[in-house]
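Structure, as structure tokens:
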Amino acid sequence: QSVVSLLSTDKGLWGGTTISGGLGATPTQQEAKLFLWDTKKHQVIKEFTPVNGTIALTCLTLGPEQKIWGMADGIVFIYDPVTDK
């Protein structure tokens, strides 16, 4: 996977991926993922697919009420880090 979007919050660094590796590489994953990187421990805290079957999470932004808004293959999603939904 390749990282194609980033968002820094007080929880850490959020990243969105694509399954495309570029230059004709064969994908090793089936879906794009959203992950949270702990900038102090230098490790992934969580990783999941917010929208099933998508190839890329190309945009991340912090919206109202500290929810993460993103774009996954043209689909807007909202993730709440507090409720994990």
### Query
L60 passes all but one of (1) touching a residue at least 40 places away in the same chain (Cβ under 8 Å); (2) part of a loop (DSSP other than H, G, I, E, B); (3) not small (G, A, S); which number fails?
(2)
### Task
Taking P27 as the residue in question, decide whether it is of a type outside the set (G, A, S), in contact with a Leu (Cβ under 6 Å, 6 or more places away or on another chain) and outside any strand (DSSP E or B).
no
### Query
Does the range 19-32 include one or more residues that are within 17 Å of K67 (Cα to Cα), open to solvent by less than 30 Å² (accessible area, probe 1.4 Å) and either free of Cβ contacts under 8 Å to residues at least 24 places away in the same chain or under 9 Å from the mean Cα position of the chain (by Cα) (or both)?
no
### Output for the range 8-52, where each listed residue is closer than 14 Å to A72 by Cβ and aliphatic (A, V, I, L, M)
I19, A32, L34, V51
### Query
Can you spot a residue in the range 6-16 that is touching a Lys or Arg at 6+ places or on another chain (Cβ under 8 Å), under 18 Å from D84 (Cβ atoms), open to solvent by 50 Å² or more (accessible area, probe 1.4 Å) and without any contact (Cβ under 8 Å) to a residue 24 or more places away in the chain?
no
### Summary
When the range 33-85 is checked residue by residue, the ones that are of a type in the set (S, T, N, Q) and open to solvent by less than 30 Å² (accessible area, probe 1.4 Å) are T54
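The values are calculated or read from the model by the stated rules, or taken from the named source; none is laboratory data. Quick caveat, the model's predicted, so the values are computed rather than measured. All Cβ positions, glycine included, derive from the backbone under ideal geometry; neighbour counts span all protein chains shown. Side chains are part of the model used for accessible areas, which takes the heavy atoms of the whole protein and leaves out ligands, DNA and RNA. Shrake-Rupley method; radii C 1.70, N 1.55, O 1.52, S 1.80 Å.
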